[in-house]
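Notes for the one structure printed next.
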Amino acid sequence: MMLCTDEVLIRRSPPAYMDGVYEPAGQDRPNPFEISNVAHKGTEGLGSKRNRTAMMVFFGQQVVEEILDVQRPGCPREFFNIPVPVNHFLNPDKLDNLEMPLQRSRFAQTTGQSPSNPRQQLNEITPYIDGTLFYGPGKAWTDAIREFRFGYLKAKVPSSLDNRQYNVQFPADNDIRLPFANPPNPRDHELNPVKRYFRLGNPRGFENPFLLTFGVLFFRWHNYMADKIRDETKSTDDEFLFNEARKHVIAHHQKIVMYDWLPRWLKIEQDMRTFACIPQYNQSAGAPRTSTVCSSDAVCKAQWPHNVEFCRNDGYDAEIHPGISQEFQTAAMRFGHTLVTPGIWLRGSGRCNTSWATYKPIKRGGHGNEDEQYGVRLCNNYWVSQETVNTRLNDLIRGLSSTLSEQEDHVLVPDLREKLFGPLEFSRRDLAAINIQRAREHGLADYNTVREAFGLGRLNYSTMADIHLNPTGSSTEAIDAIQNLSRLHQQNFDNIDLFTGGMLETTYNGPGELFRSILMDQFLRIRHGDRFWFENQQGKIVAEGSSRLPLFTKEQIDHILVNITLRHIILKVTDIDPSELQDDVFINSNLDSKSCFTPFQLDTSQTGNTSYNYRGRRIIEDCTGLEHFDYFFSSTISFPLSFLILGLCVPATIGVMICMAKMRQRQMQTARRVRTPHGQNDDPNVFRAVEWVGPNSGERNVKITFERDRKKVIVEDMRKKPLRMINLRNMNKKVNLRLADDQLQNLISVRVHGEIDLILRFIDMEERAKFVRNLEEFLVSLGIDREKREGFTEKSVFDNAEHKEDRQKDLDIFFRVICLQAFNKTPGQMDIQNLNENQIKRVMNLQLTRTEFAEALGLKPTSIFVRNMFLMVDSDRSGFVGFSEFLDMFVVLSSGDAEDKARMIFNMYDLHKRGKLKRDEFVKMIGSMLDLSDSSISKGDMDNLIQTMYQMVGLPPNSDIDFESFKKIFASDSTLQNATLGIDAIGSAGRKGAAGKQSNKRKTFIQSYRHEDQEVHRKSRLKVKTKTKSLPQGKVQQTLYEITRYIENNRRQIFWCSLYLLVTAGIFLERAFYYSFEREHAGLRRIAGYGVTVTRGAASVMMFTYSSLLLTMSRNTITFLRETFFHRFIPFDSMHAFHKLIAAIALIFTVVHCVGHGINLYHICTQASTDLNCIFREYFRATDVLASFHYWAYGTITGLSGIILTLIVIVMYVFALPYARRNLFNAFWFTHSFYILLYIFLVMHGTGRLVQPPLFQNYFIGPAVVFLFDKIVSFSRKKQELRVFTAELLPSDVTALKFKRPLNFEYKSGQWVRIACLKLGESEYHPFTLTSAPHEDFLSLHIRAVGPWTTNLRNVYDANQAGENYKPPNVYVDGPFGEGHQDWYKFPVAVLVGGGIGVTPFASILKDIVYKSSTGAKFPCKKVYFLWVTRTQKQFEWLTDIIKDVENNDGNNLVSVHIFITQFQQKFDLRTTMLYICERHFQKIAGKSLFTGLKAITHFGRPKFQDFLESLHYEHPEASQIGVFSCGPPPMTLNVEKACTGANKNEGFPTYHHHFENF
């Protein structure tokens, strides 16, 4: 039978697994340590009674290495540890839970399934004596150790091959790192690199120096045979010479093993000439050609009475199974353990004349200890074999032939029973206990059962003791051991382990009959089952239908049998003289005159005795003790430090983000410092400079004009827009000039009493000097003193300046105190409860300039209205308005009666105090009011208006108007009387009787918003009776009802979110189940626990979620699909929210994955590196490198990419926070572009194949393809450079851009685009909603400067700062993209709610409405309500033009506009309050709002959205669906959302669909 590697071990006895399948046997037997102490411990230092040498013992070890390798544990690792008793020498700390590690053997995966197919272990090499020991287990290994020249094996010194210096040849160094077994050496308790070894064939050939000695001998012998065959054949063919030499070496080895070593191993009788006879190979071969072969069949049967079948074998038999048996592997071959010596004497050259002369001491290596001893201690030379072999090979060989083995008995020396090498975590082990536990682990039956399987009778304690009573028996210690074993097993002899029972059969002759039978059975099956056995002479060898000639001729076989011995080989390849080596190197007896005896048998029990030395040198050293190892020790720093650093990366990144935001703010301040304008200027009263406004406001280009006739200094921008006006008319205090002398010496501060400082920077110091000279002349002409001081630094000027920002804080408190006095509010209500005495004093002494007064009103300081009101209030003609003056005016306006208010307005224009207004003055009053709202009427209309008013009071056309007539015109109704500041946004002030039933309140709500001129009385064509159901009683029922309504209104979003979450949960659970149960055999879960199931499940969820994000980022695809029927089923408008939801899920599972990996890596880092090799097979590392945490984290592609991914995720998520988006949009956009790196490293993370084959591509490819095509569409568009027609800077920091519309650009109102300004960066895109309508031939945007990029954009398009010949930079546009606002027309009633800059999408919608209405287009929407919520009317005045167009062109009354001013009292704005009081006046005169010039009424306060929405049911009873579209800050959209949710709870009401966007 032809066998190969990885064949199962055969069984001659029935398996005895506890469960009949795989559970280890003998679990009811005593602890192996206890058996070892009782049965395998005894007197040491007793030499062999039959003079067996150490040469025989260690040759036997290399025989085992040739035919058997069951050393590798299974994968995943299965531990069958042996508990160490508290009082055991391996448990010095007396721990209760200490265990000696033992891993179960590797087994065939197809076995261990049922009692009929129990677990079967594997032999990883062939069972044949085929040279595996010398040439390696495979061809690749063989090629690695070959020289490929003349058939040689590679030598360390190539010249030794050419010179045929066999005696100095050593194999080449293992610089290619062949995978030899490389456990830690227990002496130094450290791992060493495998490259220190030679290139030999035996993977375990370096276990000890004695085993390595045979490896070097046969290496030399091969090269010797190669030269001999080359000489004989005259061939130089490397392949031929190598194979021929190999064939002969294998044959020589077979002969030595079978006919020299095995007979002596099995039995040596007292005469030391009689050995066990080996049955003949061929029964017809005639007389045996060697003395160890049975001379006849009768002799054979007499030798093997219980196994007569041994004598029937005849040559090669294909039916014979040569496989290694379990009994041989686990017990019988381990008989040699009793013969192993604790060390070897080193014997030098020369004849053995005296007992000490030829024995040479050797220095003990390791730890710098240079003590010398005569013996090489086995326990301290495990896996450091070359230290001795490199320098003392010949001495080792002589010592092996002279040193007697230990006595043939049941006892193991301490080097095996106490000091056997082990793993780092348990450096010393008990081989006897391991042998016992190994047989149990393999499911071996008990001792007596195995005896019966081999045809032997059962024994008991008595009959076993009888074995040692005959002359060939062992010492009396064996009988004592049997008795102690009997007590340990409680007299149950049938429960004795095979190894222990077999060893107790041992006599001086050799192994007992059971082990002898097992050994002979095994070697005979190997011999007769090997068709390449060197003696096979059965004509031709038939193999697989082809014929081959015998390997050797009869003459060659005879030569091998007669002449080849181990001594012969040694003498040929070493410098050892024939006189130095006995004829039989396996026996050292007096029968051979060349035998050399050692001074005495090495006795380790004497190592502590100081007299156990010779000439001051120790005979043999002590073994190093047991040491443990914490595999996590090397990770104790890197593990916590890595996770700490990664954890700190979150706050660190947040800190960096905040610092960047602060730096950005400072940069913006610096950026506001513009270039000083210059140009030809011959006017001595006009200067150009840069004004410093404040630390946060920056700088601006200004023009300063000295108006000598008006006694004013006017500050304007470059477009002649008034910015400041300094009134010097009544100035009686000094004007202070402060000049900075550092830097360019071009800075000056002008301080005028009552005014904020005017800080100017000129182009150079000459220009500043000119300004100072002309200013002084101007002040002299006005009779004003001045004081000029120099020596200041720019910083000191700025630090000591009274600037607008500080002034504004005082003004804010000023107006709140005014309100406190006027409205009888409490300080807490006005948010001024913490004012101190100094602040109150400063407020009381505050004087308002005309500019501040105008800014408070939101008007130009040059306005007639402002001038007249200012002059009226400035009763002391100081040029300023004090606290008391302003308060007097404010009380009249806020709480005075109609006559008082009319009197105040009359006096504003009765400048000469005549008590009358001329017609021209009256016309100017009306015109100034119209001018407030940037409105005007023609002269004819004005004349008609005046004539109508005159007629109303009965005045002649051109007469003057006295106060009584004025009062009749403006105070004839309750307009002024009701014009108070305590206004609620809900209804008017006079609706106190409207607080009746809720239904009535709802029905009249819309009417409360309507202007009388806009009232539309409709007749309903369809009357629908409705029955309003009351809410269910009880909290639980109400909650259930609310949940039901919420689900009904958000069913699509809930469905898709639920589906996504279910799929996500399914992915997680599938992977978790797979790694918990289906991948149990892989072993990772056994090491890391169920944490690995969580991390693998989280990993799959991460793959799914991160891939899904690409779909939510495919804007073009979403825009396209939302126009198809899919939008009925998929809420495409919620993709942004869905993107955040998926990102949140991804983040959660990323954290779970990272934390889980931290736990898993901790468990992994506590395991032996060799144990992890079978789990992480894709990761190779040198055997001397421990798999610490930093190896897994930083030395593998999976670990390193995982750390990088974690950092990427941290950066991306931190910079995606709302704070970062508001303040560092550029950084947000840049870090969000890390998604490219994210996906690259995600792919790399999986390609490492650490745990499983990469799966990410399964989730990634589909979304990636969609996203890629979507990006291609964007790239095809966004590089279109579009010319900007106009760029206008509007109030409230709004920049209006109008640019070219591409021919193929089709969009809907409410959609948005992404733009990039070429001057700010071609690749930096920002999203903005289009304010142009689809019918217009241009595109427009209104962009508010709230962040760095939008602020820079405003500066770029600021013609005032750009200078002359300004041309607006062009832009790139990407889009359009869809959002929910574009669906406004699909609902019969649409409510548009805009807040702040969030009104931009509605600008496009309103213009679209006007266009559709004017063209008669048909669409489902019948009514649109536009609610504009703004802090003050100062914001977004640009929208009023659009609303005006709507009002002028909305002939069908489709749009109803309502404006809400929310800034009031707490954040008091004077213009808001003043203009509200004037609102009714102006409505009476102009029929439109004074604030906006619109017909829409302006309301003060925040709208109550729910009341408004519920009233729509009564206003539009036929509407079943109402679309609510909001855009603005999150608090406002949240209130709208709550209102919709609340309104949707009402039974019988329409369904309110809310779509929102936040800015």
Report summary line: For the range 278-304, pairs from a residue that is under 19 Å from Asp530 (Cα atoms) to a residue that is of a type in the set (D, E, K, R) and assigned to a loop (DSSP other than H, G, I, E, B), with Cβ under 9 Å and 6 or more apart or across chains, are Gln280/Asp314; Tyr281/Asp314; Tyr281/Glu535; Asn282/Asp314; Asn282/Glu535; Gln283/Asp314; Ser284/Asp314; Ala285/Glu535
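For every residue, the table says whether it meets (1) open to solvent by less than 60 Å² (accessible area, probe 1.4 Å); (2) over 50 Å from the mean Cα position of the chain (by Cα); (3) small (Gly, Ala, Ser).
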{"site": "Cys4", "(1), (2), (3)": "no, no, no"}
{"site": "Pro24", "(1), (2), (3)": "yes, no, no"}
{"site": "Ala54", "(1), (2), (3)": "yes, yes, yes"}
{"site": "His88", "(1), (2), (3)": "yes, no, no"}
Report task. Can you tell me which residue within the range 319-353, out of those that are among the small types (Gly, Ala, Ser) and at pLDDT below 90, is nearest to Leu211 (Cα to Cα)? Result -> Gly348
Report summary line: Selection over the range 1175-1191 where residues are at pLDDT 75 or above and not in a helix (DSSP H, G or I) yields a count of 10
Report task. Would you confirm whether any residue within the range 56-68 is assigned to a loop (DSSP other than H, G, I, E, B) and open to solvent by 30 Å² or more (accessible area, probe 1.4 Å)? Result -> no
Requested in this report: Return a yes/no flag: does the range 365-377 have any residue that is modelled with pLDDT of 90 or more and not hydrophobic (A, V, I, L, M, F, W, C).
Outcome: yes
Query raised in the report: Mind checking whether some residue in the range 1234-1248 is over 30 Å from Asn1352 (Cα atoms), at pLDDT below 85 and surrounded by fewer than 20 Cβ atoms within 10 Å (Cβ to Cβ)?
Result: yes
**Report entry** Selection within the range 268-277 - in contact (Cβ under 8 Å) with a residue 40 or more places away in the chain and of a type in the set (S, T, N, Q)
**Finding:** Gln270
Report task. Spot the failing condition for Leu262; the list is (1) within 50 Å of the chain's Cα centre (by Cα); (2) open to solvent by less than 10 Å² (accessible area, probe 1.4 Å), and only one is missed. Result -> (1)
Report summary line: The residue that is surrounded by the fewest Cβ atoms within 10 Å (Cβ to Cβ), considering only those in the range 134-160 that are small (Gly, Ala, Ser) and closer than 20 Å to Asp69 by Cβ, is Ala140
Query raised in the report: Quick check: is even one residue across the range 187-201 outside any loop (DSSP other than H, G, I, E, B), of a type in the set (Gly, Ala, Ser) and either open to solvent by less than 50 Å² (accessible area, probe 1.4 Å) or closer than 25 Å to Pro171 by Cα (or both)?
Result: no
Report summary line: Across the range 161-177, the tally of residues that are outside any loop (DSSP other than H, G, I, E, B) and either exposed (fewer than 12 other Cβ atoms within 10 Å of the Cβ) or among the small types (Gly, Ala, Ser) (or both) stands at 0
Report summary line: Scanning the range 205-236 for residues that are touching a residue at least 60 places away in the same chain (Cβ under 8 Å), surrounded by fewer than 21 Cβ atoms within 10 Å (Cβ to Cβ) and out of contact with any Ser or Thr (no Cβ under 8 Å at 6 or more places or on another chain) gives Tyr224, Asp227, Thr236
Report task. Evaluate the following for Leu212: is it part of a helix (DSSP H, G or I), at pLDDT below 95 and among the hydrophobic types (A, V, I, L, M, F, W, C)? Result -> no
Query raised in the report: Do any residues in the range 704-716 that are hydroxyl-bearing (Ser, Thr, Tyr) have Cβ atoms under 9 Å from those of residues that are in a strand (DSSP E or B), where the two are at least six apart or on different chains, and which pairs are they?
Result: Thr705/Val686; Thr705/Phe687; Thr705/Lys712; Thr705/Val713; Thr705/Ile714; Thr705/Val715; Thr705/Glu716
Report task. Collect the residues in the range 110-133 that are under 14 Å from Asp530 (Cβ atoms) and either small (Gly, Ala, Ser) or surrounded by fewer than 21 Cβ atoms within 10 Å (Cβ to Cβ) (or both), keeping them in residue-number order. Result -> Asp130, Gly131
Report summary line: The residue that is most open to solvent (accessible area, probe 1.4 Å), considering only those in the range 69-86 that are more than 38 Å from the chain's Cα centre (by Cα) and not β-branched (Val, Ile, Thr), is Gln71
Query - Subset of the range 1308-1341 [more than 40 Å from the chain's Cα centre (by Cα) and either outside any loop (DSSP other than H, G, I, E, B) or of a type outside the set (D, E, K, R) (or both)] - result: Ser1309, Thr1331, Ser1332, Ala1333, Pro1334, His1335, Phe1338, Leu1339, Ser1340
Query raised in the report: Is it the case that some residue within the range 111-118 is in contact with a Ser or Thr (Cβ under 6 Å, 6 or more places away or on another chain), not aliphatic (A, V, I, L, M) and not in a loop (DSSP other than H, G, I, E, B)?
Result: yes
**Report entry** Single condition Lys255 does not satisfy, out of (1) farther than 30 Å from Arg440 by Cβ; (2) within 60 Å of the chain's Cα centre (by Cα)
**Finding:** (2)
**Report entry** Residue check for Arg312: open to solvent by less than 20 Å² (accessible area, probe 1.4 Å), among the basic types (Lys, Arg) and more than 60 Å from the chain's Cα centre (by Cα)
**Finding:** no
Query raised in the report: If we keep just the residues of the range 237-252 that are of a type in the set (Asp, Glu) and within 58 Å of the chain's Cα centre (by Cα), which is surrounded by the most Cβ atoms within 10 Å (Cβ to Cβ)?
Result: Asp238
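The values are calculated or read from the model by the stated rules, or taken from the named source; none is laboratory data. Only a predicted model underlies this, so the values are computations on that prediction, with no experimental measurement involved. Note that each Cβ is placed from the backbone with ideal geometry, even for glycine, and that neighbours are counted across all protein chains shown. Only protein heavy atoms, including side chains, enter the accessible area calculation; ligands, DNA and RNA are left aside. Shrake-Rupley method; radii C 1.70, N 1.55, O 1.52, S 1.80 Å.
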